[in-house]
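The block underneath contains the structure these notes are about, expressed in structure tokens.
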Amino acid sequence: MSETICAISTALGEGAIGIVRLSGDEAFSIADKIVRLPKGRTVESLPTHTINYANIIDPKTEEKIEEIMLVKMVGPRTYTTEDVVEINCHGGIITIQKVLALCLEYGARMAEPGEFTKRAFLNGRIDLTQAEAVIDFIKSKTDEASQIANNQMQGRLSTLIKRLRAEILDILAVVEVNIDYPEYDDLEIETTKTILEKSTSIKNSLEALLETSKQGKIIKEGINTAIIGRPNVGKSSLLNNLLQENKAIVTDIAGTTRDVLEEHVNIKGVPIKLIDTAGIRETEDVVEKIGVERSKEALEKADLVLFLLNSSEELTDDDRELLKLTEGKTTIIILNKLDLETKIDIEEIEKLTYNHPIIKTSMTTYKGIDELEKNIRDLFFKGAARPKDATYLSNTRQINLIQQALVSLNEAIKAAEMGLEVDMVLIDYTNAFNLLGEVIGENSGDELINELFSRFCLGK
Ligand SMILES: Nc1nc2c(c(=O)[nH]1)N(C=O)[C@@H](CNc1ccc(C(=O)N[C@@H](CCC(=O)O)C(=O)O)cc1)CN2
Ligand SMILES: Nc1nc2c(ncn2[C@@H]2O[C@H](COP(=O)(O)OP(=O)(O)OP(=O)(O)O)[C@@H](O)[C@H]2O)c(=O)[nH]1
Ligand SMILES: [K+]
Ligand SMILES: [Mg+2]
């Protein structure tokens, strides 16, 4: 028997409605202590999956506290698979807290963050990848990200992993048959052929999965985009214009931005993590020096570099030095301050910029910003026609496990090819099988499970 848990499942604040959720064996009996339904009915006796008008009362005085709508859902057809009651109260922190306090007083325990979803996992309604997807879904910042999370929540990744595990089991069965004939120490040629064929197909699936996940990661976290250039070229102005919000301080003083500033923005459907940096130049100022180092780091880590030059000044040695750092990096060169008289030597720039695209902009008249946005979008979509319903791995836990499974599988293939002992081959396939099992949360330790669910918000 599980303890009945409760929590406020809506955001705290002044909403129109707030929901207190109860889950567990006592959900209905606890509700019956603190609510009164019309015509003397009880929560216990209500039909499942219904919403009902009721009043919250003070059980000591039978005094009505407030009107509510009560949802009754009988397990196992519920979010947690347990009996669930949801009390829809008037919004406002005080009333919801009061209802929660009553639930606690009359037998429920406060839920831990993510405990409702954890119960859905422990009770077998969802697996680990689906639980992880619930967090991703809540935290998605773009349509793309939320769609991927939704696919995973529906069990698309789980289905693939389960299929691959079943295929490994098939291989294991073939190998085991050989073990039953101890006169053969080594795998027979026919067996080896079957095994290798099946293994190669599994291997291809795992590799494809890892490949698409690079994009999954980008979609979830945004393309790391560093805005780079020497002081006062208009980096912070660009950030503000792309965000359409004055997040960064802009002044005519060189060295205004001292530290790295990060903001998420959706540019024509592409999720971008914009990083505004301190202008890079030779400097003696200690604070600025640290900022400059961080800018260089940001440039190194960036997936995309937006490199600004001031077109109303001649190119400086600092510009030339900095440009060298963009070699081999996906970069867009931005000639800013187009509204002022052009002094920069475009031909020289073309020579120094490794064929990076060059765009002219003005941050004060907004000229060129739309073109820049289109360029960013095209860069992103060019190499990658991303199928909308692809299966992605969404976090490093999953990626690490798949990589390890692939290593084991490759070992198994190598061993089979070399005609090694059956036992050896068996071990590698079993490893691969178990590692894939961990992806969906089979045999996962308490520590991992607890760590994972603690990342949820309260009431989820
Ligand atoms: N009021 C309310 N809204 C909510 C939730 C909730 O728990 N309560 N959800 C939660 O966060 C989400 C909906 N997710 C849910 C997922 C599964 C089940 C569920 O009961 N599944 C059962 C039965 C399905 C059926 O009747 O066919 C199952 O899968 O066995 C319920 C909600 C979003 N909206
Ligand atoms: N005329 C003109 N002025 C601009 C343009 N873009 C930026 N500025 C001005 O240039 C100055 C510096 O802009 P910032 O955006 O602070 O430049 P920054 O590169 O972030 O500077 P640091 O943070 O100091 O490295 C400000 O006075 C801006 O208003 C532009 O396209 N045209
Ligand atoms: K500045
Ligand atoms: Mg700045």
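How about the stretch 1-105: which trypsin sites (Lys or Arg not before Pro) there lie in a loop by DSSP and see at most 11 other Cβ atoms within 10 Å? Sparse-neighbourhood loop trypsin sites (Lys or Arg not before Pro): Lys60, Arg77. Over the stretch 1-52, Cα pairs under 8 Å with separation of 6+ residues give a relative contact order of 28 percent.
Of the beta bridges in the chain, as assigned by DSSP with both residues counted there, near 65 percent are antiparallel. Could you tell me which of rounded, prolate or oblate describes the stretch 207-338, using a ≥ b ≥ c as the square roots of the eigenvalues of the alpha-carbon gyration tensor, with rounded for a/c under 1.5 and, failing that, prolate when a/b is larger than b/c and oblate otherwise? Cα axes put the stretch 207-338 in the prolate bin. Rg/Rh for the stretch 311-460 (Cα atoms only, Rh after Kirkwood) is 1.24.
Remark: relative contact order (the chain) = 16 percent; criterion is Cα-Cα distance under 8 angstrom and separation of 6 or more residues.
Amide H to amide H distances under 5 Å link Ile223 with Ile272, Lys273, where only residues 5 or more positions off or on other chains count and H is placed in the peptide plane. In this structure the amide hydrogen of Asp339, modeled in the peptide plane, comes within under 5 Å of no amide hydrogen from residues 5 or more places off or on another chain. Under 1.5 on a/c is rounded, so check that first for the chain, then, if it is not, pick prolate when a/b is larger than b/c and oblate when it is not; a ≥ b ≥ c are the square roots of the alpha carbon gyration tensor eigenvalues. Oblate shape, in that a/c is at least 1.5 and b/c is the bigger or equal ratio.
Within the chain, Cys89, Cys457 have no other Cys Cβ under 4.7 Å of their Cβ and so lack a disulfide-compatible partner by this rule. Annotation for the stretch 27-117: GluC sites (Glu not before Pro) lying in DSSP loop with at most 14 further Cβ atoms inside 10 Å of their Cβ are Glu44, Glu62.
Measuring between alpha carbons in the structure, the pairs from Lys247/Lys324; Lys273/Lys337; Lys139/Lys198; Lys301/Lys414 lying more than 27 angstrom apart are Lys247/Lys324; Lys139/Lys198; Lys301/Lys414.
The fraction of accessible area contributed by carbon and sulfur in the chain is 51 percent, rounded to a whole number (1.4 Å probe; ligands and nucleic acids excluded).
Projecting the Cα atoms of Leu243, Ile218, Ile253 onto the charge dipole of the stretch 215-272, computed from C-beta unit charges around the Cα centre, puts Ile218 farthest toward the positive end. Charging the Cβ of each Asp and Glu at -1 and of each Lys and Arg at +1, and nothing else, the dipole of the chain about its Cα centre rounds to 1800 debye.
With the convex hull drawn around the C-alpha atoms of the stretch 8-96, the volume per residue stands at 89 Å³. Overall, the stretch 316-425 carries a charge dipole of about 420 debye about its Cα centre when +1 sits on the Cβ of Lys and Arg and -1 on the Cβ of Asp and Glu, all other atoms neutral.
Among the lysines of the stretch 1-133, pairs that are 8 or more positions apart or on different chains and have alpha carbons within less than 23 Å of each other number 12.
Shown in residue order for the stretch 234-240 are the 3J(HN,Hα) couplings computed by the Karplus curve 6.51 cos²θ - 1.76 cosθ + 1.60 at θ = phi - 60°: x, 5, 5, 4, 5, 4, 4 Hz (x for Gly and Pro).
Send over a whole-number figure in Å² for the accessible area per residue of the chain, probe 1.4 Å.
50
Between the alpha-carbon centres of the stretch 277-316 and the stretch 34-104 there is a gap of 58 Å.
Please get the size of the charge dipole for the stretch 163-274, origin at its Cα centre, with Cβ charges of +1 on Lys and Arg and -1 on Asp and Glu, quoted in debye to the nearest 20.
The calculation lands at about 1300 debye.
Think of the stretch 295-414 as a dipole: +1 on every Lys or Arg Cβ, -1 on every Asp or Glu Cβ, centred on the Cα centre; then among Leu309, Asn400, Thr330, Asn400 lies furthest on the positive end.
The values are calculated or read from the model by the stated rules, or taken from the named source; none is laboratory data. None of these values were measured; they are calculated from a predicted model. Glycine also receives a Cβ, built like all others from the backbone with ideal geometry; neighbour counts cover every protein chain displayed. The accessibility values were calculated without ligands, DNA or RNA, using every heavy atom of the protein model including side chains. Shrake-Rupley method; radii C 1.70, N 1.55, O 1.52, S 1.80 Å.
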